[in-house]
Amino acid sequence: MKRDFLSILDLTPDEVSHLISKAKKMKRQWAENALPQSMRGKVLGLIFVKPSTRTRVSFEAAMYRLGGHCIFMTAQDTQISRDEPLADTARVLSRYMDLLAVRTFAHSDVEELARHATIPVINGLTDTFHPCQIMSDLLTIEEKRGHLQDLKVAWLGDGNNVAHSWINAAALLGFGITLACPDGYEPEESVLRKARSLGRGELRLVKDPLEAVASADIIYTDVWTSMGQEEEKAQRLKAFQPYQVNENLLAQAPPHAMIMHCLPAHRGEEVTEGALEGPQSIVFDQAENRMHLQMALMEWLMTGQ
Ligand code: CP
Ligand code: NVA
């Protein structure tokens, strides 16, 4: 049976570990110019309704490096823009391609495509989740820290798609996450409820950013205005001001804490230039690992290995 990857919770903890180990191996093979050509003759389709630098390019580069090909489509280029049903699109594309990565607004659209596609569908970001990001972030943390045991993540800012996938990862793998979000910008209740029902890890919501980072290994932030929320920007800029990752906040955090950001970053908004470019920041290793993890993910989805 084909597998999709729409949410971190589509995986078991063993599968997460397997994908991280596999990505580490493929990263070594990449460095030695010895990657397997395991995708030769295979085609990855990408349907992107929102902009992207990292996700699109890391998927395309990953596919080419493994010997495969990509077809990139914006919604505008396809008949989706003229109301062709997603179910029909999924069934037709499944006849041409081997894998499909999708970036869009409603999570239910990716679910609909996955339901009707006979090929694996990968979530390249929806309004609700960004699971590829968190998988490669876990790889980065494991590389830097050596392991994921007793991990403590502090999330600062918006309880958004990236935060939701972090909450899922903490609940699945059993590590601690503390989110400091302003009133009205907390994570969705359904995501919190699901995570709590898994009964693993420690999930805390606080208001005080200093409290969130007090014992953090990772300080994570993301844009205050996600794609699709541009009209709310002025209001958000005001609400999120106390949640900026800056030098004052870092002074209150453990000295070993690392700064992560999925990028793109807005310097002077959610993070200062000094924090983002400082010695605690690992954001560019994070960005690189998108490609390595996605090589492993695509090979695993295609072969089960
Ligand atoms: N982090 C991330 O998904 O970046 P892009 O929006 O550039 O793909
Ligand atoms: N939360 C951001 C993530 C971008 C990678 C957004 O959805 O725009």
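The values are calculated or read from the model by the stated rules, or taken from the named source; none is laboratory data. Not measured: the values here are computed from a predicted model. Virtual Cβ from ideal backbone geometry, glycine too; neighbours counted across all protein chains shown.
Counting only helices (runs of 4 or more DSSP H) that sit completely within region 50-141, those holding 1 or more residues that are under 21 Å from the mean Cα position of the chain (by Cα) and crowded, with 21+ Cβ neighbours inside 10 Å correspond to 54-65, 107-116. Within region 111-127, can one find any residue that is over 20 Å from MET295 (Cα atoms), touching a His at 6+ places or on another chain (Cβ under 9 Å) and at pLDDT 95 or above? Yes, the conditions are met somewhere in region 111-127. Look at (1) in contact with a Pro (Cβ under 9 Å, 6 or more places away or on another chain); (2) of a type outside the set (Phe, Trp, Tyr); (3) surrounded by fewer than 23 Cβ atoms within 10 Å (Cβ to Cβ) and you find that LEU179 fails only one, number (3).
A count restricted to region 45-103 and to residues that are in contact with a strand residue (DSSP E or B) (Cβ under 6 Å, 6 or more places away or on another chain), more than 16 Å from ligand 2 (Cβ to nearest atom), closer than 25 Å to ALA34 by Cα and of a type in the set (A, V, I, L, M, F, W, C) stands at 4. Considering only region 265-282, I want to know if a residue exists there that is touching a Cys at 6+ places or on another chain (Cβ under 8 Å) and closer than 29 Å to GLN29 by Cβ. No, every residue in region 265-282 fails to be touching a Cys at 6+ places or on another chain (Cβ under 8 Å) and closer than 29 Å to GLN29 by Cβ. Of the residues in region 59-73, at least one is within 14 Å of ligand 1 (Cβ to nearest atom), on the phi < 0 side of the Ramachandran plot and without any contact (Cβ under 8 Å) to a residue 40 or more places away in the chain. Restricting LEU250, LEU293, LEU297, LEU276 to residues that are within 16 Å of ligand 1 (Cβ to nearest atom), over 29 Å from ARG65 (Cα atoms) and touching a helix residue (DSSP H, G or I) at 6+ places or on another chain (Cβ under 8 Å) narrows the list to LEU276.
Which numbered condition trips up HIS147, out of (1) part of a strand (DSSP E or B); (2) away from ligand 2 (no atom under 16 Å from the Cβ); (3) over 17 Å from TYR220 (Cα atoms)? All conditions are met except number (1).
Condition (residue is over 14 Å from the mean Cα position of the chain (by Cα), at pLDDT 95 or above and within 16 Å of ligand 2 (Cβ to nearest atom)) applied to region 3-21: is it met by at least one residue? Within region 3-21, not a single residue is over 14 Å from the mean Cα position of the chain (by Cα), at pLDDT 95 or above and within 16 Å of ligand 2 (Cβ to nearest atom).
Consider ILE141 carefully, then state whether it is farther than 30 Å from PRO182 by Cβ, of a type in the set (Val, Ile, Thr) and away from ligand 2 (no atom under 14 Å from the Cβ). No. Can you confirm whether region 23-45 contains a residue that is in a loop (DSSP other than H, G, I, E, B) and acidic (Asp, Glu)? Checked region 23-45: at least one residue is in a loop (DSSP other than H, G, I, E, B) and acidic (Asp, Glu).
VAL245 meets the stated requirement of being at pLDDT 95 or above, within 22 Å of GLY184 (Cβ to Cβ) and touching a strand residue (DSSP E or B) at 6+ places or on another chain (Cβ under 6 Å). Every listed requirement among (1) on the phi < 0 side of the Ramachandran plot; (2) in contact (Cβ under 8 Å) with a residue 60 or more places away in the chain; (3) not basic (Lys, Arg) is met by VAL283 save one, (2). Before we move on, is ALA163 in a helix (DSSP H, G or I), in contact with a Cys (Cβ under 9 Å, 6 or more places away or on another chain) and either within 24 Å of LYS24 (Cβ to Cβ) or within 16 Å of ligand 2 (Cβ to nearest atom) (or both)? For ALA163, the condition - in a helix (DSSP H, G or I), in contact with a Cys (Cβ under 9 Å, 6 or more places away or on another chain) and either within 24 Å of LYS24 (Cβ to Cβ) or within 16 Å of ligand 2 (Cβ to nearest atom) (or both) - is met. Does GLU142 count as touching a helix residue (DSSP H, G or I) at 6+ places or on another chain (Cβ under 7 Å) and among the acidic types (Asp, Glu)? Considered against the rule, which asks whether it is touching a helix residue (DSSP H, G or I) at 6+ places or on another chain (Cβ under 7 Å) and among the acidic types (Asp, Glu), GLU142 comes out as yes.
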